[in-house]
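Every read-out reported here was derived from the displayed coordinates using simple, explicitly stated rules and does not represent laboratory data. This one's a predicted model, so the numbers in the text were calculated from it and none came from an experiment. For neighbour counting, all protein chains shown are included, and Cβ atoms are generated from backbone atoms with ideal geometry for every residue, glycine included.
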Number of protein chains: 2
Amino acid sequence: MQDEASYTQTPGTTFNRKKHRGTYDVETIHSIVNTSSVCHVGFQPSADDPFPVVLPMIGHIAVYPPDSDEPPACYLHGYVSSRLMKLGADGLPVCIEATKVDGFTMALTPFNHSYNYRSAMLQGRATIVEDRDEKLWAMELITNAVVPDRWAHTRVPPDGGEMQSTRIMKMPIERASAKVKGHVPSDERKDLRNEDVVNSVWTGIIPVYEAFGEPVPSPYNRVQQVPAHIADFVKNENLNAKEFAVGAACRAEPSHGGGS
Amino acid sequence: MQDEASYTQTPGTTFNRKKHRGTYDVETIHSIVNTSSVCHVGFQPSADDPFPVVLPMIGHIAVYPPDSDEPPACYLHGYVSSRLMKLGADGLPVCIEATKVDGFTMALTPFNHSYNYRSAMLQGRATIVEDRDEKLWAMELITNAVVPDRWAHTRVPPDGGEMQSTRIMKMPIERASAKVKGHVPSDERKDLRNEDVVNSVWTGIIPVYEAFGEPVPSPYNRVQQVPAHIADFVKNENLNAKEFAVGAACRAEPSHGGGS
């Protein structure tokens, strides 16, 4: 489904509008999913239910076995997914979406208000991981996706009951695409020429990012100092996230863009 | 679909696991959606496409006409939704999901790692808003949902071309539910009694919240001072969001809970 660096364009992932924002670039797509705290997993629960369902889950894209030529898959874990898990055995068609909001764009007119954002969409058939080695590998993958190196700093390996009670889903990526927008506001010439409007309406970007607070120890915690794998994560993520959002807020609009 | 304060339980919104976290409370559900920057809108694009689609959109729940007895609907707006908009005219079954991550739970074992979070799911049939008055009202609703009182501080009303180029979807809520989890970590007795484990593994919560940076003026901005409706929004949201996440990180586990 992909050549070396980009996913294949299909009728289901072709961009109808604002084409310059769309991308099939593998690195872009994987990084949006893999830096998002939550993925949004859509599926049809049954043929006689008129409505689709969308559930929040933790997702991470990786290749198993590691460093092999297998196609990338998105591994999923979530507590609220018993309905999804029941349906997964036969290969359930799902859509996985992840979006990071990077800023609120305040323009002269409501029409040109928008967001700076990065959004990725993956489609494929999800199954439950049954292979014990792959499941253990995926559990470590997902634990470390939340806080790097966390797995090795906990009581591992999981015991038999924990292995049995945990379900991991795997969705080999059949289609994937992303949309990225991150630049200064833009407005129409007619408004930019209107002195009253330009002199009275503040325009700019409110940077938006996910922030992490000072870690709060549990009532039964006995480790006095917050360990480096957590403290460094909090510090670095906060710096990087803010820098990214402010960077997007200052970036010139790509020359092939237009409108908002 | 709702009595005064709660949505009706249906087979499609019944909680199979961790029932104590589920709620049909109207205020809880509406507040999750209405304080989320992004909603995730799932739908089936066509009968011959095996995969559902999930798109990020701005959504806000409200009643129109305001203060009437009409049932609440979720109004949606998004640039990436041309496929969705095309399908909306006949009443497309959609699922709208919004999730706020409030903390990463670090427990003794990977098995008891989880999130503090608030998640809401709405289902119903979406149509495009054609009525001009309702559309104008919804455009103001959605603009002000991002930053309160923004509409009145821009060049309004929208002109004819802007009205025509903007599409707003409306999904009267047929089913709705939410899941809320926000408390200190919990672990199994067997691990809590293991001195080696308790003495070596840091347990606690990393508070997570959406943060807003210092507003960045556009290259063509001429209003020297960031106006109060933006400055106050940034200040208050940052305070409230952090306080909420830290509050959840310190809260005792409800007594009817168990495990994570």
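Under the convention of a label 7 Å out along Cα→Cβ, give the distances in nm from A:Met163 to the same position in every other copy, shortest first.
Its label point is 6.6 nm from the equivalent points in the other copies.
Over the protein assembly as shown, consider all pairs of different Cα atoms and compute the Kirkwood hydrodynamic radius from their mean reciprocal separation; express it in Å, one decimal.
23.8
With Rg and the Kirkwood Rh both taken from Cα atoms, where does Rg over Rh land for chain A?
For chain A, the value is 1.03.
Regarding the stretch B:164-260, what is the average projected area of its C-alpha convex hull, in nm²?
12.8
Here are some pairs, B:Lys135/B:Lys235; A:Lys242/B:Lys100; A:Lys179/A:Lys235; B:Lys135/B:Lys179; which of them have Cα atoms lying more than 21 Å apart in this structure?
Violating the 21 Å limit, Cα to Cα: B:Lys135/B:Lys235; A:Lys179/A:Lys235; B:Lys135/B:Lys179.
Helix A:228-250 sits at what angle to the longest principal axis of chain A, using alpha carbons and giving 0 to 90 degrees rounded to 10?
30
Using the alpha-carbon atoms, what tilt in degrees (0 to 90, nearest 10) does helix A:132-146 show relative to the longest principal axis of chain A?
Around 40 degrees separate the two axes.
Report, by chain and number, residues whose modeled amide H sits under 5 Å from the one on A:Arg251, excluding near sequence neighbours (fewer than 5 apart, same chain).
Correct list: A:Val184.
Tell me which residues come under 5 Å, amide H to amide H, from B:Ser6 once H is placed; ignore anything under 5 positions away on its chain.
Sorted by chain and number, the residues that satisfy this are B:Val26.
May I ask you to compute the full-extension gain from B:Ala47 to B:Arg222, defined as 0.36 nm times their residue separation minus their alpha-carbon distance, rounded to one decimal in nm?
Gain on extension, B:Ala47 to B:Arg222, equals 57.9 nm.
Take every residue in peptide A:117-128, count the Cβ atoms of other chains within 10 Å of its Cβ, and give the average of those counts.
3
Quick one: if you stick a label point 7 Å off each Cα along the C-beta vector at B:Glu243 and A:Asn34, how many nm between them?
Here the answer is 3.9 nm between the modelled labels.
Report the GluC sites (Glu not before Pro) located in the stretch B:102-199 that are in a DSSP loop and have at most 14 other Cβ atoms inside 10 Å of their Cβ, or state none.
The qualifying sites are B:Glu130.
Got the relative contact order for chain A handy, in percent, Cα pairs under 8 Å and 6 or more residues apart?
Relative CO of chain A lands at 23 percent.
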